[in-house]
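Remarks on the structure that follows.
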Amino acid sequence: MTHPTRRRWIQGAATTLGAAAVAPQLFAQGGPVKVGYAIARTGPWAAGAQVSQEPNYLLWAEQVNAAGGLDVKGARRPVELIGYDDRSETETCVRTYEKLMGSDKVDLILPPWGSGANFAIAPLANRFGYPMLAPTALSRKLIDMNLPYFFSLLQQPDKMMGALVDMLVAQQVKTVAIVYMDDLFGLENFAALNNALKKTGIQVLERKSYPLGVKDLAPVLRGIKDQNPDAFIGITYPPDTLLVSRQSREVGFNPKYFYASVGTAFQLYKNVMAANTEGVIGMGSWNVKTSPGAKAYFDAHVKKFNKEPDRWASGHAWAGLEILQQAVARAGLDRKALRDVIAKNEFKTILGPIRFEHGENASIPGTVSQWQGADFEVVWPLDRATAKLVAPKPAWK
């Protein structure tokens, strides 16, 4: 069993005490609402988790407490976050949630990061009866398990890959090459991509898997460059997204359409690739143009952390927190009642209205985004676009 990171716990406690000090009359009598979670602060999952999830948890708790606490069926109670480092280890993640839900009996849980960790924790949360709103789980297999307490906020592989292929067809792309990581996320997205491509006339010139933690993809990229595909598709985690982008530039591989994700939507990608982000496409679903709420959230995130949220899962993470907050206001902390409210109602979020069908986000379609200047613009589908697709991709600088 890992120990909580003291700095994180103290930060949550200080937020609670600070809010009580400035507005004690707003808090109703009663103890804090204990909200537990495990998240990667170290290890290979940390790059995504510390962009897309934990900062949102901290910002949410701060904002809720500053407003007088969490509305629990009309009574205001402070939020106390109890966060652990799962060290990017599935076993550690499972043991942590067993403790949080079993012996600690926290009031609510927030989800871990990534498809693999969610796949491990969702059945456990279902057994203990804790609603779990997951913003970084891309797994049709997980959805198909029909766990009544599990709710997926991200668009699933069939939707995301279907949207990408629809866009490529609309652009009259003839040939593609694919690389993908050999894990749950990579395999499911690769399968969904293949299924979507089979319904088109697009020819797949290369399909190449690679192991998690890969350090060099240059030989693969040189081979793909020789085949001169119209489009490149990388189903990649953040470190690999940067690797495949840098090495494509180094070997002079610059197809008309260059897609890599996840991590393309991160400010880190923009910081590292600088002007070479221009025209790169990937998984994204929102930006500050999506709604006034999205702009307010973006500005608050930048103010607190001095860095931007990513333009995909961060928005879904925040939407999940909004949904949880609205559901607790209606149902209180009775977890069965809470689960029923989430399953049966539509909620207002920064991404627009969201409702669930069989645990899946039924409101937001698959999307594609593209770096254009300073922002990651939604370019597909057209009815959710914040900008038009720029094609072909400019040459690497």
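The values are calculated or read from the model by the stated rules, or taken from the named source; none is laboratory data. These numbers were taken from a predicted model, which means no experiment stands behind them. When we count neighbours, we look across all protein chains shown, and the Cβ atoms used for this are built from the backbone with ideal geometry, even at glycine. These area figures cover heavy atoms from the full protein model, side chains too; ligands, DNA and RNA do not enter into them. Shrake-Rupley method; radii C 1.70, N 1.55, O 1.52, S 1.80 Å.
Here is how the numbers come out for the structure above:
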| read-out | value |
| --- | --- |
| Nonlocal amide H pairs with V280, under 5 Å, H built at 1.01 Å | W371 |
| Fluctuation leader among E278, E308, E91 - the chain, Gaussian network, Cα springs under 10 angstrom | E91 |
| Whole-number percent relative contact order across segment 94-248, with pairs defined as alpha carbons under 8 Å at least 6 apart | 19 percent |
| Kyte-Doolittle at least 1.6, axis length at least 27 Å by Cα - qualifying DSSP helices, the chain | none |
| The chain: relative contact order as a whole-number percent, Cα under 8 Å and 6+ apart | 16 percent |
| For the chain, built as a Gaussian network whose Cα springs stay under 10 Å, the top-fluctuating residue of G332, G366, G186 | G332 |
| Accessible surface, 1.4 Å probe, highest first, among residues T42, T96 | T42, T96 |
| Rounded accessible area per residue of the chain, 1.4 Å, Å² | 39 Å² |
| Segment 204-315 - charge dipole about Cα centre, Lys and Arg +1 at Cβ, Asp and Glu -1, debye rounded to 20 | 240 debye |
| Karplus-derived 3J(HN,Hα), 6.51/-1.76/1.60, for each residue of segment 35-42, Hz, glycine and proline x | 10, x, 6, 10, 8, 6, 10, 9 |
| Highest to lowest packing among 300-306, 73-79, scored as the average C-beta count within 10 Å | 73-79, 300-306 |
| Fluctuation leader among Q172, Q325, Q53 - the chain, Gaussian network, Cα springs under 10 angstrom | Q172 |
| Nearest-10 value in Å² for the accessible area of M132, using the 1.4 Å probe | 0 Å² |
| Surface share of carbon and sulfur [accessible, 1.4 angstrom probe, percent] for the chain | 52 percent |
| Percent RCO, i.e. relative contact order, over segment 222-308, from Cα pairs under 8 Å lying at least 6 residues apart | 24 percent |
| Sequence of D226, D340 from largest to smallest accessible area, 1.4 Å probe | D226, D340 |
| Those aspartates and glutamates that a straight Cα-Cα span of less than 17 Å connects to K388, excepting residues fewer than 8 apart in one chain | D166, E278, D375, E377 |
| Built amide H within the under 5 Å cut-off of S209, gap 5+ | Y180 |
| Helix-derived mean residue ellipticity, 222 nm - over the chain, DSSP H n ≥ 4, -39500 (n - 2.57), to 500 | -13000 deg cm²/dmol |
| The chain: equivalent-ellipsoid semi-axes (sqrt of 5 x gyration tensor eigenvalues, Cα, Å) | 37, 21, 20 |
| Backbone HN-Hα couplings from phi across segment 390-397 [Karplus 6.51/-1.76/1.60, Hz, Gly and Pro as x] | 9, 8, x, 4, x, 5, 4, 9 |
| Exposure of K289 as accessible area (Å², to 10), given a probe of 1.4 Å and all protein chains | 120 Å² |
| Long-range amide H partners of L70 with built H, under 5 Å | R77, V79 |
| Within the chain: Cβ-based charge dipole about Cα centre, in debye rounded to nearest 20 (Lys, Arg +1; Asp, Glu -1) | 320 debye |
